[in-house]
Amino acid sequence: MKSLYLKFVIITISIMIVSGITSFLLSNAYYQVKLKPYNDQKNTNIALDIATFVGENPNTNLNAYLESIGNIGYHLYLINPNGQNKFFGSPFRDETLSDETIEQVLNGQIFHGMLHFSEGTFVTGFFANELTNTIGVPLTHNEQKYALFLRPDIELLFNEMRKLFAWMLLFAILLSIIMVVLSTKYLIKPITKLTKATKTLSNGEFDVTLDIKRHDELGELSQSFLDMVKKLEQTEDIRKEFISNVSHDIQSPLSNIKGYTNLLADETLSTEEKEKYISIINGEIQRLSTLTRQLLLLASLDRNEDIVKKEVFRLDIQLKELIKSYQWLIGEKGMMLGYSLSPTEIYGDPSLLYAVWDNLLTNAIKYNCAHGSIDITIEQKEKTVCILVKDTGIGLSETNAKRIFDRFYRVDTSRTRTIEGTGLGLSIVASIVKLHHGDLRVESDENQGSTFIVELPTQ
Ligand code: ADP
């Protein structure tokens, strides 16, 4: 498998090569179409100027004149009809030229060797130092006919520029390759780190660190990854704690049942003792049954919203029915219950919401003081309705108030330890309220009492 790094480097360098070749081909086409005719015309004018000057100044020393032009930066070739010829300036690389061409120029025609120089050649044709790549013009000096062939001495005129451009190109290519290699490493590094971190995570290790301080998409991805790891770790912790809580809460009633069943096997037990043990066993069975019922309900609440079967019903009537069913218990404990329940219609799941009021009311009874009081109120708001369950019980500290909605959380005081409970009731309440898109909060003062407030949308 090729690494992303290698692929990126190969692709970028390939792009550089392809664009280099393409731009070379395009500039060649531009040279052939535009520059070549222009270059030909320019040099034709220069050659004609020389021929005119020589023709108009018979006293000029032709050899010396052409010699000096050759020294300025031109390759020149002069030939007369007798075949006497001479080169000026630095020599041509290739000196072949057809007699026919020479003849035509001697007869007064202009030879456009530059324009017709091998069409197929690339832009490099510009540099071809050949006699066929020249401009040929007829020249008359002191009534002697000549043919003059000329081309600029690129070596002499542009040598430094050529070298400069060659070095520039070389440096540009080398630097680009180095930059591509380094920048790719910089780009790919976070992905390599992320891959490593993902492997660590898939091995069940949450101790993942990513020192990525970038502010681009990769930095964002790394941050999201770290957030996800944190959440996964929390979920894993909650799962472990949940399993250990469930195991403990099932294990302890089971061992009590086992212990008391063994005791019951003793035939010497009195009837009162037997009844006492049976009642303890029944209590434990009841506890187990409540626990499993609550766990099942929590599991189905967790799974999806389909469980919620909403309809419009009278909330005040439902609460009154609930109060009625607990009246005997409240009276037995010597407590007072007051309520203010104005007629209220609400759109929700009646049986799930019944479980909410049931939990809140039983808690208000369980965690109340002897002869304490409970108040249940409905407060109408514009689009919501608030149900307040207020007690004058043991109350909650600020820290405990924050945690009571967690699964299995029970305030651990000598007072609460004597009260039966699973620590699941309020988490069920919270889940149901959430499924109704409502809000649940508690206001409480230790040893003063608590008020649980459920705010639900009416529609
Ligand atoms: P359970 O009552 O079965 O223990 P809950 O989830 O209903 O579980 O309550 C969680 C904890 O919150 C209780 O154990 C208790 O410590 C505390 N709590 C709940 N209701 C009240 C209340 N009305 N006053 C004081 N503490 C309360």
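The values are calculated or read from the model by the stated rules, or taken from the named source; none is laboratory data. What you see is a predicted model; the values in this text were computed from it and never measured. Please note: Cβ atoms are built from the backbone with ideal geometry, for glycine as well, and neighbour counts cover all protein chains shown.
Between S342, S351, the distinction of being within 26 Å of H437 (Cα to Cα), away from the ligand (no atom under 16 Å from the Cβ) and part of a loop (DSSP other than H, G, I, E, B) belongs to S342 only.
The set of residues from the range 257-313 being within 30 Å of T344 (Cα to Cα) and in contact with a Pro (Cβ under 8 Å, 6 or more places away or on another chain) comprises E311, F313. Evaluation of M336 against the conditions (1) touching a Ser or Thr at 6+ places or on another chain (Cβ under 6 Å); (2) in contact (Cβ under 8 Å) with a residue 60 or more places away in the chain; (3) not polar (S, T, N, Q) shows that the sole unmet condition is (2). Whenever a residue of the range 394-412 is among the small types (G, A, S), its partners that are part of a loop (DSSP other than H, G, I, E, B), lying with C-beta atoms within less than 7 angstrom and at least six residues away or across chains, give the pairs G395/E446; G395/N447; G395/Q448; S397/E446. Test N368 against the criterion of being under 48 Å from the mean Cα position of the chain (by Cα) and either assigned to a strand (DSSP E or B) or within 14 Å of the ligand (Cβ to nearest atom) (or both), and give yes or no. No.
Quick grid of which residues meet (1) in contact (Cβ under 8 Å) with a residue 40 or more places away in the chain; (2) in contact with a helix residue (DSSP H, G or I) (Cβ under 8 Å, 6 or more places away or on another chain); (3) within 30 Å of F111 (Cα to Cα):
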{"residue": "F149", "(1), (2), (3)": "yes, yes, yes"}
{"residue": "A197", "(1), (2), (3)": "no, yes, no"}
{"residue": "Q234", "(1), (2), (3)": "no, no, no"}
{"residue": "D237", "(1), (2), (3)": "no, no, no"}
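If Q294 passes every condition in (1) among the polar types (S, T, N, Q); (2) surrounded by 13 or more Cβ atoms within 10 Å (Cβ to Cβ); (3) more than 30 Å from G338 (Cβ to Cβ) but one, which one does it miss? So the condition that Q294 fails would be (3). In the range 413-452, the qualifying residues are those that are modelled with pLDDT of 95 or more and of a type in the set (D, E), and the one that is nearest to the ligand (Cβ to nearest atom) is E443. Within the range 270-287, residues that are farther than 9 Å from I257 by Cα sit with their Cβ atoms under 9 Å from residues that are surrounded by 13 or more Cβ atoms within 10 Å (Cβ to Cβ) and of a type in the set (V, I, T), at 6+ positions apart or across chains, in these pairs: R287/T422. Checked against (1) over 28 Å from T12 (Cβ atoms); (2) assigned to a helix (DSSP H, G or I), V208 passes all but a single condition, namely (2). Confirm whether T60 is in a loop (DSSP other than H, G, I, E, B), touching a strand residue (DSSP E or B) at 6+ places or on another chain (Cβ under 8 Å) and of a type in the set (V, I, T). Yes.
Could you grab me the full set of residues in the range 371-398 that are polar (S, T, N, Q) and within 12 Å of the ligand (Cβ to nearest atom)? Before the answer, list the steps.
As a first pass, look at the range 371-398 and keep what is polar (S, T, N, Q): 373, 377, 380, 384, 392, 397.
Within the range 371-398, T392, S397 qualify.
One residue stands out in the range 241-262 among those that are surrounded by 14 or more Cβ atoms within 10 Å (Cβ to Cβ) and of a type in the set (A, V, I, L, M, F, W, C): the one that is farthest from R410 (Cα to Cα), namely I257.
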